[in-house]
Amino acid sequence: MIHGVVNQSCEAIVPLVISNSNRQTRLIDAVIDTGCTGFLSLPSEIIASLNLPWTGIDRGTLGDGSEVTFEVYAATVIWDGQYRDIPVNEAETDPLVGMSLLYGYDLRIRAVEGGRVSIEAIK
């Protein structure tokens, strides 16, 4: 199970450990974004600090309907206690956890400041 908290801005935040192929790691706080269909987005600073390898380009549609192109990188996250290789979209926002990473999990959010966020595998 993964635990997080709702912050002052009413964002559901979970801690994630991101690593590269050399097992260099970085702990980040990521915002749950149910409007994002990808796995994870990270700003260029985190991608560069971990020297994540570029794997290609992906297209996406933002909430306002505009289309964007994302640079895509390979990373490993520790997700529910397991190492998981995932694609990461580069975006100059706070790190975002998307629905592809949440797929197969039950997401519960107590939507008040300081409220509990829990992510548990569907049995």
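Rule-based calculations on the coordinates, nothing more; no lab input. Being a predicted model, the structure only gives us computed values, none of them experimental. Neighbour counts are summed over all protein chains in view; Cβ atoms, including those assigned to glycine, are modelled from backbone coordinates with ideal geometry.
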**Message:** Of all beta bridges DSSP finds with both residues in region 2-121, what is the antiparallel percent, to the nearest 5?
**Reply:** 90 percent
**Fill in**
Most fluctuating of GLY65, GLY81, GLY38 in the GNM of the chain (C-alpha, under 10 Å) is GLY65
**Request:** Could you calculate the FRET efficiency of GLU67 with THR34 from 1/(1 + (r/R0)^6), where r is the beta carbon distance between them and R0 is 22 Å, rounded to 0.05?
**Result:** 0.65
**Prompt:** Nearest 20 debye, what's the magnitude of the dipole of region 2-121 about its Cα centre given +1 on Lys and Arg Cβ and -1 on Asp and Glu Cβ?
**Reply:** 420 debye
**Request:** State the extension gain, in nm to one decimal, for the chain segment bounded by SER100 and ALA48, taking 0.36 nm per residue of separation less the distance between their alpha-carbons.
**Result:** 16.4 nm
**Message:** Given a Förster distance of 41 Å, report the FRET efficiency between LYS123 and ARG59 from their Cβ-Cβ distance, rounded to the nearest 0.05.
**Reply:** 0.75
**Relative contact order, percent, the chain [alpha-carbon distance under 8 Å, six or more residues apart]** = 35 percent
**Sequence of VAL77, VAL5, VAL88 once ranked by neighbouring C-beta atoms within 10 Å, starting from the fewest** = VAL5, VAL77, VAL88
**Fill in**
Out of GLU113, GLU45, GLU67, a Gaussian network model of the chain with alpha-carbon springs under 10 Å gives the largest mean-square fluctuation to GLU67
**Request:** Compare ASP64, ASP85, ASP29 in a GNM of the chain, Cα atoms joined below 10 Å, and give the one with the largest fluctuation.
**Result:** ASP64
